[in-house]
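To keep things clear, I will list the structure first and then write my remarks on it.
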Amino acid sequence: MPKGRVRKALLEDARAIAAVHVAVSREIYENLIPASVLAAISVERRVRQWHQIIGTADARAGTAVFVTDDPRNGIVGFACCSRQRSKEMVAKGFDGEFQSIYLLHSFRGCGLGRSLVVEMARCLRHQSMSGASCWVLRENNDARRFYESLAGQVVGERTDQVDQCTTLVEVAYGWESLDMLTGR
């Protein structure tokens, strides 16, 4: 069974995070979002994005990026959290947000995803945030089962018009108390 550790991301991790981001996106979203959207995803574009996010991450603002790395395979997953960006979720009492959690397929099911979520919850809790939510495509059943296994509850829904023919529906999972994730 793969083992890994969770640590804060460094600027030099941006390329590895980008590679995981693109690989997992293409795998998960292959039948969920238009092929043209997937084709536009590139490692180079994601490197710039993650370099910017990591470089401006600010613990006081609650923004943090974490990676999980495996001794033989390097970075195999990452997660990003911040203060809540959705006014709807803030109004519902979710002041923190789990923005992204990506883990290579061969490293799922061994606790690394859970470890990333726990680390994000600790980070947000340390910044005096009490709850958090995350958005996921309604049809992404694996991710939904994962959040439900962590006692996440569906707390919202929104639609996003991708192009003239495609509307995506996302559901929000929420945790009223981050303490339930951190074991406090």
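Every read-out reported here was derived from the displayed coordinates using simple, explicitly stated rules and does not represent laboratory data. Worth saying up front: this structure is predicted, and the values here are computed from it rather than measured. When we count neighbours, we look across all protein chains shown, and the Cβ atoms used for this are built from the backbone with ideal geometry, even at glycine.
Working note: Debye formula, equal point scatterers on the alpha-carbon atoms of the range 94-153, no solvent; log10 I(q)/I(0) at q = 0.18, 0.21, 0.28, 0.30 Å⁻¹ is -0.65, -0.87, -1.37, -1.46. For the range 32-93, the alpha-carbon coordinates run over 39, 34, 20 Å along the three principal axes, in decreasing order. 3J(HN,Hα) along the range 109-125: x, 10, x, 5, x, 4, 4, 5, 5, 4, 5, 5, 4, 4, 4, 5, 4 Hz, from the Karplus curve 6.51 cos²θ - 1.76 cosθ + 1.60 with θ = phi - 60°, whole Hz, x for Gly and Pro. Look at the alpha carbon pairs under 8 Å that are at least 6 residues apart: their mean separation over the length of the range 5-182 gives a relative contact order of 20 percent. What the phi angles of the range 140-148 give under the Karplus curve with 6.51, -1.76 and 1.60, with θ = phi - 60°, is a coupling list of 7, 5, 4, 5, 5, 4, 4, 5, 5 Hz, glycine and proline written as x. Residues whose amide H comes within less than 5 Å of that of ARG138, counting only those at least five positions distant or on another chain, are VAL169, GLU170, VAL171 (H built at 1.01 Å from N in the peptide plane). Across the range 157-170, computed HN-Hα scalar couplings (Karplus, 6.51 cos²θ - 1.76 cosθ + 1.60, θ = phi - 60°) run 8, 8, 10, 9, 7, 7, 8, 4, 9, 10, 10, 9, 10, 10 Hz from first to last residue, x flagging Gly and Pro.
Computed per residue of the chain from DSSP H runs no shorter than four, each worth -39500 (n - 2.57), the mean residue ellipticity at 222 nm is -10500 deg cm²/dmol.
Specify which residue in the list VAL24, SER115, ALA151 is farthest towards the positive end of the charge dipole of the chain, using unit charges on the beta carbon of Lys, Arg (+1) and Asp, Glu (-1), about the Cα centre. So the residue we want is SER115.
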